[in-house]
Every structure is written in structure tokens, then in C-alpha cells.
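Peer 1: Below is one structure. I have some questions about it.
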Amino acid sequence: MGLLATSLRGHERQANLRNFDWALLVTALVLCGFGLVAIWSADGAGPIGAGSPVVRQAIAILLGLALMAALSWVDPRYIKALAWAIYSIALAGLVAVDLIGVTIGGARRWIDLGPITIQPSEPAKLAVLIALAAFVADRGPDMRRWVNFVIAGVIVLVPMALVYQQPDLGTAGCFAAIWLAVMLVSPVRRLHLLAVIAASPLVALFAWHFVLHDYMRDRLLISYQPERDYFGEGFNIIQAQIAIGTGGLLGNGLAGSLQSQLGLLRVRHTDFIFAHAMGMVGFVGGVALIAAYLLVLWRTSRVALLVNDLFGRSLATGVTALLFFQAFVNMGMNVGLLPVTGVPLPFISLGGSAIWTQFAALGLVQALLTHRRRTAFGRH
């Protein structure tokens, strides 16, 4: 370890500053700034108190920036070396939720630490990605073997099962998206991957009848036919679609739609913040928001092409897939294209654990960039 640390010295600081992706950081901050305005608006657009949601989110963003800055200076080889320790801690956190977690909104997903409440499933997304990327990099060409392909699936299925029990179907879907993305850039046999994809409809059918809880099946059905339960589960879906529709071309201003002003649109700080935001800024603002996400995804995906090792390529691809999946699912459920699963809108939805995880993900990507001349580990 001492020899490795010595080899990383020299012109490290200069290299870090030269390779740091400032465009990625600025775009993320723009999204965060927009999110703060949307949260303040969703909270009534009144005076900002010390304990208000917008202040809590601003503090979370500052802590997230510090976390990103710290991770960007860490050599990815150290992260890879600690992959299984990180993974074990994440699993312990998910188990702890089942033992000492608090229930909010009918789901047990959080741990109360006094001043703050954390959601272990958020950092678990990155922990699973790091472990999966490390496993793939260590196996290299041996990923073509069926047994390694199965082990890669188990690495993801264990936390998926723990998260599903909370219950949190949306985060379970995030793990699946991470697995698929990493497998696509790994040396696995395409026949193995195609077999899994081909079997997906049968797995989905089995899950529908024997795995999903009754309320999950009802929620999925109501997501596409909200009028079936107009004043129950379908109410917020209908209000979200109305809020988006009444936003028109340029929106209704900072107050948002009438649905938000009258309190008809619930959870507009978190799951349905996209609907509230569209009521504020309208179609034009929505296009700008999507453009900002596309810029973030472009900057993270290009890292997968710049790095010269399998671990870095898997890590950058997994981060890109995670951000894309969350943005796509959140927007999709707000407009009625996808079922409501409680996936936060990256950098915008209220939530400290989510913000910290998203900035940590950017920190990992920045670390790949700032150390890319020195990272060449694992088999290609």
C-alpha cells in the first residue's frame, strides 16, 4: 500500500485540476438550483425558515458537493480494493432497516439517527455498482463463463430482495438497471444476456402472480387506469397530469399550477416534483430540464469511452444508467406512462440520502477522469 501511495504522488494535483469535468459539475448545480426553487414553490413559496425543506435540501447539496470533491481525489484503485467492504456495509445497512428502521408513508425504508434520517437503499445503489464493477474487472474474459454470469446476478439480487421487502419496488428496479448496464459493457456471452432478456416476460408473469404484494398489483393497474380509484390511489396521478397539462407552453410562474396551490397534488416535493415543476415552467421549461439531464448523461457516458480499464468503464456506464433510469422513471410516472414507484428525480427531488448518493456518483466519475492516466487495473 505504501508503494502504491508513493507511485500516485508527483503531479497529482495538477492532473486532477486539468481533467476535472467542470461542465458536469455546473450542469448538476443548475439542476440543484432549479430543484431548490421547485421545492420552495411546492412548500408554498413563502418566507424561508431555518427548518424549511428548501434549507434542508440546500444543506444536503453542500454536503453532497463536499462528498463529490473528496471522492474525485481518491484513486479508483483504492475504491476497487474496498469494493467488498463497501458492499458488506451496504447490506448491513439494508438489514438494519428491517431491524430498527422507521416507517414513513407505509414503508420502512429509513433509519432515524436523531438530527437526520437516512435511507440506506440510496447509497446501496452505488455500493452494488462498485462491487459489480470490481467483480467484472477481476474476472475479465472469464465473465464469459456461465458461473460468473450467475454470480454477477446474485451480487445484485441480494440487495434487491432486501429492498423489495421494505417495500421499495422503484429502488429494486434501479439495481436491475445497474446490472444490465454493467453486463452490456462486460465480456459476458451475449447468448447468456439474451437468454435472461428472453426469459424476462416469464419472470414478470411469475412475479405478478407469486411475488408482488396485492397493493403493488393494484398500484400498477391504477397507474394506467387512475379513474378506477379516483379519490384513492389514482387521485394524485390524475392531479399530476392536470398540473402538467395546465402548465401550457410557458407555465404558471413560481406559484405553480392550481393543483399545487390548492394542495391537491400530494408529495410534490419528492415523487411528483416533476409535475409541480412543469406547472411552474411549462413545456419550454420541461424541454430545458430534459436537455440538462441529457448533458449530464453525455458527460458521464463519455467517461466510459475515455477510461482504459474494465472497472472504470463499468463504473461510468453504471452511473449513467442509474441517473437515466431514475430520471426516466420519475418523469414517466408523472405523465402516466409508467407506474408510480417512488423513484426520486435526480438532483431535484427533496431528500438528503438521494442527493448525497447522486453527488457521490458524480465524484466516482470525476475520480475516473482525474486519475485516468494512472488507472489501468483489472483485465481488459
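The values are calculated or read from the model by the stated rules, or taken from the named source; none is laboratory data. Just so it is clear, the structure is predicted and the values come from calculations on it, not from any experiment. All Cβ positions, glycine included, derive from the backbone under ideal geometry; neighbour counts span all protein chains shown. When the accessible area is computed, the model is the full protein with side chains, heavy atoms only, and any ligands, DNA or RNA have been set aside. Shrake-Rupley method; radii C 1.70, N 1.55, O 1.52, S 1.80 Å.
Peer 1: When you go through 346, 339 one by one, which is the residue that is modelled with pLDDT of 95 or more and not hydrophobic (A, V, I, L, M, F, W, C)? Before the answer, list the steps.
Peer 2: Values: 339 fails: modelled with pLDDT of 95 or more.
Step by step, each of 346, 339 is checked, and only 346 is modelled with pLDDT of 95 or more and not hydrophobic (A, V, I, L, M, F, W, C).
Peer 1: Determine whether region 367-380 contains at least one residue that is within 19 Å of residue 131 (Cβ to Cβ), open to solvent by less than 10 Å² (accessible area, probe 1.4 Å), of a type in the set (D, E, K, R) and part of a loop (DSSP other than H, G, I, E, B). Even if it seems obvious, please write down each step before you answer.
Peer 2: First, pick out the residues of region 367-380 that are within 19 Å of residue 131 (Cβ to Cβ): 367-368, 375, 377-379.
From the residues that got through so far, the ones that are open to solvent by less than 10 Å² (accessible area, probe 1.4 Å) too are 367-368, 375.
Among the residues that remain, those that are also of a type in the set (D, E, K, R) are: none.
No, every residue in region 367-380 fails to be within 19 Å of residue 131 (Cβ to Cβ), open to solvent by less than 10 Å² (accessible area, probe 1.4 Å), of a type in the set (D, E, K, R) and part of a loop (DSSP other than H, G, I, E, B).
Peer 1: Tell me which residues, restricted to region 251-298, are polar (S, T, N, Q) and either touching a Gly at 6+ places or on another chain (Cβ under 8 Å) or crowded, with 20+ Cβ neighbours inside 10 Å (or both).
Peer 2: First pass over region 251-298, keeping only residues polar (S, T, N, Q): 252, 257, 259-261, 270.
The answer is 252, 257, 259, 260, 270.
Peer 1: Continuing with the same structure: From 126, 180, which residue is open to solvent by 60 Å² or more (accessible area, probe 1.4 Å) and aliphatic (A, V, I, L, M)? Walk me through how you get there before you give the answer.
Peer 2: Values: 126 fails: open to solvent by 60 Å² or more (accessible area, probe 1.4 Å).
Only one candidate qualifies: 180.
Peer 1: So, of the residues in region 299-333 that are in contact with a Leu (Cβ under 9 Å, 6 or more places away or on another chain) and without any contact (Cβ under 8 Å) to a residue 12 or more places away in the chain, which turns out to be nearest to residue 357 (Cα to Cα)?
Peer 2: 328
Yes/no per residue for (1) of a type outside the set (A, V, I, L, M); (2) in contact (Cβ under 8 Å) with a residue 60 or more places away in the chain; (3) touching a helix residue (DSSP H, G or I) at 6+ places or on another chain (Cβ under 8 Å); (4) part of a loop (DSSP other than H, G, I, E, B):
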| residue | (1), (2), (3), (4) |
| --- | --- |
| 177 | no, yes, yes, no |
| 180 | no, yes, yes, no |
| 183 | no, no, yes, no |
| 193 | no, no, yes, no |
| 197 | no, no, no, no |
| 200 | yes, no, no, no |
| 205 | no, no, no, no |
| 209 | yes, no, no, no |
| 216 | no, no, yes, no |
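Peer 1: Could you say whether any residue in region 30-39 is assigned to a loop (DSSP other than H, G, I, E, B) and in contact (Cβ under 8 Å) with a residue 12 or more places away in the chain?
Peer 2: Our first condition is that a residue be assigned to a loop (DSSP other than H, G, I, E, B); within region 30-39, this holds for none.
So far as region 30-39 goes, no, none of its residues is assigned to a loop (DSSP other than H, G, I, E, B) and in contact (Cβ under 8 Å) with a residue 12 or more places away in the chain.
Peer 1: Now a separate question. What is the number of the single condition among (1) closer than 24 Å to residue 203 by Cβ; (2) in contact with a strand residue (DSSP E or B) (Cβ under 8 Å, 6 or more places away or on another chain); (3) assigned to a helix (DSSP H, G or I) that residue 97 does not meet?
Peer 2: Looking at each condition in turn, residue 97 falls short on (1).
Peer 1: For region 299-322, check the following and say yes or no: at least one residue is within 23 Å of residue 107 (Cα to Cα), in a helix (DSSP H, G or I) and either of a type outside the set (A, V, I, L, M, F, W, C) or open to solvent by less than 40 Å² (accessible area, probe 1.4 Å) (or both). Full working, then the answer.
Peer 2: If we filter region 299-322 for residues that are within 23 Å of residue 107 (Cα to Cα), which is where we start, we get 322.
Next cut, in a helix (DSSP H, G or I) only: 322.
Adding the requirement that they be either of a type outside the set (A, V, I, L, M, F, W, C) or open to solvent by less than 40 Å² (accessible area, probe 1.4 Å) (or both) leaves 322.
For region 299-322, residues within 23 Å of residue 107 (Cα to Cα), in a helix (DSSP H, G or I) and either of a type outside the set (A, V, I, L, M, F, W, C) or open to solvent by less than 40 Å² (accessible area, probe 1.4 Å) (or both): present.
Peer 1: Taking the options 109, 139, 77, 56, name whichever one is in a helix (DSSP H, G or I) and farther than 19 Å from residue 182 by Cβ.
Peer 2: Going through 109, 139, 77, 56 in turn, just one is in a helix (DSSP H, G or I) and farther than 19 Å from residue 182 by Cβ: 56.
Peer 1: On to the next question. Of the residues that make up region 135-154, is at least one of a type in the set (A, V, I, L, M, F, W, C), in contact (Cβ under 8 Å) with a residue 60 or more places away in the chain, open to solvent by 10 Å² or more (accessible area, probe 1.4 Å) and within 29 Å of residue 215 (Cα to Cα)?
Peer 2: Step one: list which residues in region 135-154 are of a type in the set (A, V, I, L, M, F, W, C), which gives 135-137, 143, 146-147, 149-152, 154.
So of that shortlist, the ones also in contact (Cβ under 8 Å) with a residue 60 or more places away in the chain come out as 136-137.
The next check asks that each one be open to solvent by 10 Å² or more (accessible area, probe 1.4 Å); those that pass are none.
No, region 135-154 contains no residue that is of a type in the set (A, V, I, L, M, F, W, C), in contact (Cβ under 8 Å) with a residue 60 or more places away in the chain, open to solvent by 10 Å² or more (accessible area, probe 1.4 Å) and within 29 Å of residue 215 (Cα to Cα).
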